[in-house]
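The structure appears right after this line, and notes come after that.
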Amino acid sequence: MLEPTEPAVVTWAPGRVNLIGEHTDYSGGLVLPIAIQFGITLEVDSAAETITLGSDGYGEPQTVPADGGGAAASGWMRYVQAVVGELAAVGRPPVGLVGTISSDLPAGSGLSSSAAVEVAVALALCAVADFELEPLELAVLCQRAELRAVGVPCGILDQAACLLGRERQAILLDCDSLEHRLIHVPTDAALLIVDSGVPRSLEHTAYGERRAQLEHAMQLLGATRSTDLDLSSLAGLDDVSARRLRHVVTENARVERFAAALEGGDLAAAGRLLGESHASLRDDYEVSIPELDLLVELAEAAGARGARLLGGGFGGSVLVLTDAGRAEDVAGAVGVEYRRRTGTGGEALLVRASPGAGRR
Ligand code: GLA
């Protein structure tokens, strides 16, 4: 237990970029994320009876009871309250603290700031209570917190990437068994995130509807994990079920081919797979919007290896793969042309595979 006089606990949790394997996690499919160098820091100043967190730039400090109960919190504090509740449910003794959250992760860009908040808070509360959980147990707990906080039935992608990240490595994760292995990201590859300027919030999108459609399609086939299916399984399904499943089945295959392309240093093949992933998300899964399609087109025209929408879709950012020496030129050309056409967004962020969450 942290005494008021003890040195402060500081935890840090990164955002994530999923290289490929989008909308596959909640059917037990394959994903290939990296943790990035931007994230959320939580500085604990002292122990207390309740949990009070301030933040730089997100309003007044808010307080929730040490067991996560009480009236429903608002804004980002909902994630904190939900994590506290989930930790209480697995037996972590209630502890209070006073602290401050700060972030260099752009919110609403599809870089998973909510998962980073959940993980930073969970790590701090565990540290203060001398309570330990394995990284993947913590990831699953934070995934449940997301559902508890905002009712979004997300998969394990964001929280797992945040906790398992490694310098220069992507994480090839089977979302059913949670088995994973590291894939080296070639040093001549540059990864850009380009913002559409259309804020994305999973609460207000058709995320839950897509998930329900996919689960319905899986039930029709009696399948529990999408990696057991292939394209021949789709015969005879209704149009929507067939298209949702076709995305997931082909996307699982693309994850494996993309991992092999990275391991072989074949950026041309990796780039083509990104383009195919975007087309499948746009046409079969129907989670794109014209602004994201435009960014992908502009990136390809500017000489990128490939690009696709990132995360849940319906706004946020695209991921662009370029040769390291070309990143600045591509970012500049895409940003200028995108702003000229839409009057917004187009900011690019260079990201790199970075270590996962932990104490600082
Ligand atoms: C969001 C969810 C993830 C995942 C992606 C789509 O980021 O939080 O669990 O489903 O969308 O791949």
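Here, each number is a calculation from the coordinates, and none is a lab measurement. Worth saying up front: this structure is predicted, and the values here are computed from it rather than measured. Positions of Cβ are generated from backbone atoms using ideal geometry, with glycine treated the same way; all protein chains shown enter the neighbour counts.
Before moving on, here are some points about what is shown:
- Against the main long axis of the alpha-carbon atoms of the chain, helix 77-89 sits at an angle near 70°.
- For residue 11, net neighbour charge (Lys/Arg +1, Asp/Glu -1) across residues whose Cβ lies under 10 Å away: +1
- With Cα atoms, 0 to 90° folded angle of helix 135-150 axis to the chain main axis: 90
- With Cα atoms, 0 to 90° folded angle of helix 239-263 axis to the chain main axis: 80
- Simple Cβ-charge dipole of the stretch 1-124, Lys/Arg +1 and Asp/Glu -1, about Cα centre, in debye nearest 20: 300
- Length gained when the stretch residue 56-residue 301 is fully extended (0.36 nm per residue, less Cα-Cα span): 84.3 nm
- Using C-alpha pairs below 8 Å separated by at least 6 residues, the relative contact order for the chain is 24 percent.
- The chain pair-distance distribution - Cα-Cα, 20 Å bins, rounded %: 31, 56, 13, 0
- Looking at the stretch 162-226, the GluC sites (Glu not before Pro) that sit in a DSSP loop and have at most 11 other Cβ atoms within 10 Å of their own Cβ are 179.
- For q = 0.10, 0.14, 0.20, 0.25 Å⁻¹, Debye-computed log10 I/I(0) when each Cα of the stretch 231-322 counts as one equal scatterer: -0.27, -0.51, -0.94, -1.21
- Relative contact order of the stretch 1-116, pairs being alpha-carbon contacts under 8 Å that are 6 or more residues apart, as %: 31
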